[in-house]
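To keep things clear, I will list the structure first and then write my remarks on it.
The values are calculated or read from the model by the stated rules, or taken from the named source; none is laboratory data. Since the model is a prediction, treat every value here as computed from it, not as a measurement. FYI the Cβ positions are ideal-geometry reconstructions off the backbone, even for glycines, and counts take in every protein chain you see. In case anyone asks, the SASA skips ligands and DNA or RNA and just uses the protein heavy atoms, side chains included. Shrake-Rupley method; radii C 1.70, N 1.55, O 1.52, S 1.80 Å.
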Amino acid sequence: MTTGVAGEAAVAASGVMPPRTVRRRALPGPLQALRPVGLGIAAVLLLALLWEAVKALVPDDGWSIGDLRVLPRTTDLAMPHVTEMLARLGDPLTAQPGADPLWLAVLRAGGTSLRIAAVSWLIGVVVGLLLALLMTRFRIARSAVLPLVVLSQTVPLIALAPLVKGWGAKIEVLTWEPWMSVAVIASYLAFFPVAVGTLRGLTSPDALHRDLFAGYAASWSQELVHLRLPASVPHLLPALRLAATSAVLGVVVAEVSTGMPGGIGRMILEFANFASSDPAKPWAPIFGAVLLGLVASGAVALLGTGLRRYRRAEVTA
């Protein structure tokens, strides 16, 4: 006690006050849950303001340094106002009487793409988990398979699309639909983060914990269920969210590559022809694709709510 009083007196005599510890008040439960939503809305509003600021400050022909274009053109054809793009969503899709509004057509196309993305996500998750388990169980498999998994992502989807579509047409066991080719192509992007993230999580337990299970003569399956799988959750959940957004991206690209109608990717390709006559229209399916990514990522985040006890040290993907 005497030492503490003497220390406080010495600090007071020196005139240097120790830094104060600022305690942040924790937000209530409902507000804490809505915080990511609020930050997301704020980011969208900031992006809209930045769009309008670039349109107001940059000349119509953009900025160029010699032959190098630094900033794009900001004409109404190249960069419509945000209000124009939002207003166009409420207008009819075509000039025909009784035509659906543009936003409804985008939602329908987005629903088609979202269903295919869900199938491709499931395929990617199953393949990624199996590869991660194989590489975790056998060290030689990790040395042989992991480089191939990384190398697989260097092959563009556009090159795979005609191959998968052609292989599907030769299958006689079942009727191969065009959307199946799109799902398989999109799963090519979805399996990678799951395989790498799960492998990282399954190999994350310390040697001390593994030695403890070995000391109890636990089998590999018991170690997998009671140690490795719970430890992999903080790594697996971000990988699943990344796989969901990758599946949406893969579906959009695959729809364009295979020419499958009805999806958001095909709509982006078709609406690009109206860039000169109706510049706000091509942005509608782009907004739809962004919405699909947010919905897919949010749905996977909801799946992780039941695993809160294992998410204390969740890492980024």
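Here are some notes:
- Residue check for Phe287: part of a helix (DSSP H, G or I) and either more than 22 Å from the chain's Cα centre (by Cα) or in the same structural domain as Pro36 (by TED's automatic domain parsing) (or both): no
- Filter result for the condition that a residue is surrounded by fewer than 20 Cβ atoms within 10 Å (Cβ to Cβ) and not in a helix (DSSP H, G or I), over Gly304, Gly298, Gly262: Gly262
- In the set Trp121, Trp167, only one residue is open to solvent by 70 Å² or more (accessible area, probe 1.4 Å) and either modelled with pLDDT of 85 or more or part of a helix (DSSP H, G or I) (or both); that residue is Trp167.
- Criterion (closer than 16 Å to Leu202 by Cβ, in the same structural domain as Ser181 (by TED's automatic domain parsing) and hydroxyl-bearing (Ser, Thr, Tyr)) met by exactly one of Thr136, Thr154, Thr112: Thr136
- Residue that is nearest to Ala132 (Cα to Cα) [pool: residues in segment 201-212 that are surrounded by fewer than 18 Cβ atoms within 10 Å (Cβ to Cβ) and of a type outside the set (S, T, N, Q)]: Pro205
- Residue, nearest to Val125 (Cα to Cα), within segment 271-294, restricted to residues that are modelled with pLDDT under 90 and open to solvent by 60 Å² or more (accessible area, probe 1.4 Å): Leu294
Conditions (1) open to solvent by less than 30 Å² (accessible area, probe 1.4 Å); (2) out of contact with any helix residue (DSSP H, G or I) (no Cβ under 9 Å at 6 or more places or on another chain), marked per residue:
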{"residue": "Ala78", "(1), (2)": "no, yes"}
{"residue": "Val82", "(1), (2)": "no, no"}
{"residue": "Ser113", "(1), (2)": "yes, no"}
{"residue": "Val145", "(1), (2)": "no, no"}
{"residue": "Thr154", "(1), (2)": "no, yes"}
{"residue": "Leu160", "(1), (2)": "no, no"}
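- Residue among Leu236, Leu227 that alone is without any contact (Cβ under 8 Å) to a residue 60 or more places away in the chain, surrounded by fewer than 22 Cβ atoms within 10 Å (Cβ to Cβ), in the same structural domain as Ile158 (by TED's automatic domain parsing) and over 30 Å from Glu177 (Cα atoms): Leu227
- Subset of segment 17-59 [modelled with pLDDT under 85 and in a loop (DSSP other than H, G, I, E, B)]: Met17, Pro18, Pro19, Arg20, Thr21, Val22, Arg23, Arg24, Arg25, Ala26, Leu27, Pro28
- Tabulated pairs, segment 35-56, first within 20 Å of Gly298 (Cβ to Cβ), second surrounded by 11 or more Cβ atoms within 10 Å (Cβ to Cβ), C-beta under 7 angstrom, 6+ apart or interchain: Arg35/Leu27
- Residues being polar (S, T, N, Q) and in a helix (DSSP H, G or I) - total across segment 82-102: 1
- Filtered residues of segment 213-262 (kept if small (Gly, Ala, Ser) and within 30 Å of Lys165 (Cβ to Cβ)): Ala239, Ala243, Ala244, Ser246, Ala247, Gly250, Ala254, Ser257, Gly259, Gly262
- The criterion of being hydrophobic (A, V, I, L, M, F, W, C), open to solvent by less than 70 Å² (accessible area, probe 1.4 Å) and part of a helix (DSSP H, G or I) holds for Ala105.
- Ala231 vs. criteria part of a loop (DSSP other than H, G, I, E, B) and over 20 Å from the mean Cα position of the chain (by Cα): no
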